[in-house]
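Asker: Quick one: structure below, then a few questions.
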Amino acid sequence: MGYAAHLALADADLSAAAFKLFHKMCGIQNRKDHGLVIVENQTKFAEQVGMSQSSVSRGLKQLVEEGFIYADGRNWRLRADFVFNGNGAAQGQAIRSVPDDAPDPYAGKKQSADLTVLPGGAQGSDPDGES
């Protein structure tokens, strides 16, 4: 996961349960079909990730709304431009398969952690006594 992806995840308006669910999904994604999270049914999926069905349902909804995952039939797929296990060629192909109507998790987020100079202290002074 790259720097921009970390920022997008940190800046997303996710509940703690959705954040946990996302990381659980990263851990159980199919290694042969990169990013695919197989869901036999929601009850078993909730058991698999160690969460209640209601938390999983709300978490999935939030993750879809923020653009981190999208539906793939009855299963879920992690956005390949966000998290991917595989080579660059396979990732490029997976990125092209992200649905056009999937929300962009990078849109409208903070672009950087700009520094702000706060008033106080003497110019050139070092609080650690090193100059």
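Asker: Which percent of the accessible heavy-atom area of the stretch 1-74 goes to carbon and sulfur, probe 1.4 angstrom? Mind dumping the intermediate values first?
Answerer: Numbers: 2040 of 3990 Å².
The computed percentage sits at 51.
Asker: In whole Hz and in residue order, list the ³J(HN,Hα) couplings for the stretch 46-63 that follow from phi through the Karplus curve 6.51 cos²θ - 1.76 cosθ + 1.60, θ = phi - 60°; x for Gly and Pro.
Answerer: Going residue by residue, I get 4, 5, 4, 8, x, 9, 6, 4, 5, 5, 5, 4, 5, x, 4, 4, 5, 5 Hz, with x marking Gly and Pro.
Asker: Using amide H atoms built in the peptide plane, which far-off residues or other-chain residues are under 5 Å from Trp76 H to H?
Answerer: When sequence neighbours closer than 5 places are left aside, the close amide H contacts are Val37, Val39.
Asker: Give a quick list of trypsin sites (Lys or Arg not before Pro) in the stretch 1-108 that DSSP marks as loop, anything other than H, G, I, E or B, with at most 15 other Cβ atoms within 10 Å.
Answerer: Values: sites: Lys20, Lys24, Arg31, Lys32, Lys44, Arg58, Lys61, Arg74, Arg77, Arg79, Arg96; in loops: Arg31, Lys32, Arg74, Arg79.
Here the sparse-neighbourhood loop sites are Arg31, Lys32, Arg74.
Asker: Which ³J(HN,Hα) values in Hz, rounded to whole numbers, follow from the phi angles of the stretch 88-97 under the Karplus curve 6.51 cos²θ - 1.76 cosθ + 1.60, where θ = phi - 60° and Gly and Pro get x?
Answerer: x, 5, 5, 5, x, 5, 5, 5, 5, 8
The values are calculated or read from the model by the stated rules, or taken from the named source; none is laboratory data. All figures in this text were calculated on a predicted structure; none of them were measured in a lab. As a convention, Cβ positions derive from the backbone with ideal geometry for all residues, glycine included, and neighbour counts pool all protein chains shown. What goes into the accessible areas is simple: the full protein's heavy atoms, side chains included, and nothing from ligands, DNA or RNA. Shrake-Rupley method; radii C 1.70, N 1.55, O 1.52, S 1.80 Å.
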